[in-house]
Amino acid sequence: MLKILKYSFYDLMRSRWSYVYFLFYLLLGVVLLFLNNDLSKAVITLMNVIIILVPLIGTIFGVMYYYNSREFTELLLAQPVKRSSIFLGQYFGVATSLSMSLVIGLGVPFIFYGIFNSSAIWDFSLLLVTGAFLTFIFTALAFVIALSNENRIKGFGYAILLWLFMAVIYDGIFLMSLLYFEDYPLDKFSLLATMLNPVDLSRVLILLKLDISALLGYTGAVFQKFFGTNFGLLLSSAMLIVWVLVPTFFIWRIAKRKDF
Amino acid sequence: MIEVKDLYKKFGKNEVLKGIDLTIERSGIFSVLGPNGSGKTTLIKCILGMVLPNSGQIFIDGKPLKNNFKYRNEIDYLPQIANFPGNLKVSELIAMIKDLRDSKATKDDELIELFKLQPYLNKKLANLSGGTKQKVNLVLTFMFDSPLIILDEPTNGLDPISHLRLKNLINSEKEKGKTILITSHILSFVEEVSDEIVFLLEGKIYFKGSVSELKEKTEQPDFEHAIASILSSSYA
């Protein structure tokens, strides 16, 4: 698997898109720092961008990479390489290179700005870690979709829908149900609903770390009580890991049964 | 060396292979023939493990294929359509496949010389013509010394000189005692090189034997007419 990972990674490192993605984050970091002139505020703005954008890029890139490398995949399938290694290697190749673009692209401007001497370092690291998690989660979901759809247009369509659902529609439904059932105690429900969507989970994690949960009112207090504890942090990290592992398992399973 | 037992495969509602039994024991050149959609490529892909059969078993050297991938070290496969990752250079692709197979004894230099590919080594695969890609494909296939070679439409897009070189190459591999499995629509090529013919029709093996046996069976004077008579009798 490592060999496939290596080749996928090299392949991506040479493609224009990794650079575009890297430069975008570099630019974003620089611009935000100049406009805000304050590390903590820049981190908050950045969070809003990352939470929406990272899943989108991960999804699109994952689907695109899978469909574009079909030929390569077929070449590999005739070689003495395990099937699961081919697909898992490609997946980790894509996810790693995307995460690297994110971490390095954002890291460089913040390091130059002096993040190491600032109290925001932990918030910033958490931001990068969740960003990397989101990349791994959504790239895996994209691979699952691409593997189960032979038709590229359909695959792209489902992938975009998935992103739209997770990043936008889910929140809408969540809010509506909170309004609709406002007469009932909802703290358990909202905790659970947050856990089940990696985008929401990442957002809440970062918001609470930034200590602006007071803005969230009563819910914020409930969340702070839960996520603010070590147990909450552990559980939500575990949840993010589960969100990586489950789609990865599906990649493995679908790849094993597929005809080429 | 290859044993296929009662192999069934369908894609959706389309039944492609309907009970294939095939044993290839000795070395030599075996051609798999059949009209379009008769299941030639599917059969080959089943042997390679790229397509998973619905039922039936395949053994290579007595070992079942299921959940096994190492056996592909013993197979050189030439895919039908030479599609390669476009942003790799020819030399990089060759180096990569060598790396993946962990094979020390390769003869890629010899083959590059044979097909006159030196000027293309530093070009990206996306910029090569169809015939040149097929030559690269041939280099990738023949550079390892595996006992079983599977060629899917090897003559696709080749110019006459390369065609001739390919024929010599195939014959020299045969003399080393290898088993070579070919599918092709070019009957003159098949007649010239093959020792035995496997004729697939609608997912079943219709005929297995030498060219002369086929001529006898169909009572036709030449190979092309023999094939045509099978097809017309089956479609009639």
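Observations on the structure shown:
Okay, residues lined up against (1) of a type in the set (F, W, Y); (2) buried (at least 22 other Cβ atoms within 10 Å of the Cβ):
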{"position": "B:Y8", "(1), (2)": "yes, no"}
{"position": "B:T23", "(1), (2)": "no, no"}
{"position": "B:S31", "(1), (2)": "no, yes"}
{"position": "B:N36", "(1), (2)": "no, no"}
{"position": "B:G39", "(1), (2)": "no, yes"}
{"position": "B:M50", "(1), (2)": "no, no"}
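- Residue in region A:47-63 that is modelled with pLDDT of 85 or more, of a type in the set (S, T, Y) and over 19 Å from A:G107 (Cα atoms) present: yes
- Cross-chain or 6+ apart pairs with Cβ under 8 Å, region A:215-244 first and over 14 Å from A:T194 (Cα atoms), then modelled with pLDDT under 70: A:A221/A:S213; A:G228/A:S213
- Selection over region B:44-78 of residues that are more than 8 Å from chain A (Cβ to nearest Cβ), under 19 Å from B:I97 (Cα atoms) and not hydrophobic (A, V, I, L, M, F, W, C) gives a count of 2.
Conditions (1) touching a residue at least 40 places away in the same chain (Cβ under 8 Å); (2) under 22 Å from A:V199 (Cβ atoms); (3) within 14 Å of chain B (Cβ to nearest Cβ), marked per residue:
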{"position": "A:A78", "(1), (2), (3)": "no, no, yes"}
{"position": "A:S99", "(1), (2), (3)": "no, yes, no"}
{"position": "A:V103", "(1), (2), (3)": "no, yes, no"}
{"position": "A:F110", "(1), (2), (3)": "yes, no, no"}
{"position": "A:A120", "(1), (2), (3)": "yes, no, no"}
{"position": "A:V129", "(1), (2), (3)": "no, yes, no"}
{"position": "A:L141", "(1), (2), (3)": "yes, yes, no"}
{"position": "A:N149", "(1), (2), (3)": "no, no, no"}
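- Residue among B:N87, B:N83 that alone is at pLDDT below 85 and either within 18 Å of A:Q79 (Cα to Cα) or not in a loop (DSSP other than H, G, I, E, B) (or both): B:N83
- Residue, nearest to the other protein chains (Cβ to nearest Cβ), within region B:79-110, restricted to residues that are surrounded by fewer than 15 Cβ atoms within 10 Å (Cβ to Cβ) and acidic (D, E): B:D99
- In region B:50-69, the qualifying residues are those that are assigned to a loop (DSSP other than H, G, I, E, B) and modelled with pLDDT of 85 or more, and the one that is farthest from B:Y8 (Cα to Cα) is B:M50.
- Helices (runs of 4 or more DSSP H) lying entirely in region B:125-236 (those with 1 or more residues that are touching a His at 6+ places or on another chain (Cβ under 6 Å) and surrounded by 13 or more Cβ atoms within 10 Å (Cβ to Cβ)): none
- Residue identified as part of a strand (DSSP E or B) and either in contact with a helix residue (DSSP H, G or I) (Cβ under 6 Å, 6 or more places away or on another chain) or of a type in the set (D, E, K, R) (or both) among B:E113, B:E92, B:E15: B:E15
- Failed criterion for B:S38 (all others in (1) closer than 19 Å to B:L166 by Cβ; (2) part of a loop (DSSP other than H, G, I, E, B); (3) away from every other protein chain (no Cβ under 14 Å) hold): (1)
The values are calculated or read from the model by the stated rules, or taken from the named source; none is laboratory data. Remember, it's a predicted structure, so these values are computed and weren't measured experimentally. A quick note on method: Cβ atoms are made from the backbone with ideal geometry, for glycine too, and the neighbour counts reach across all protein chains shown.
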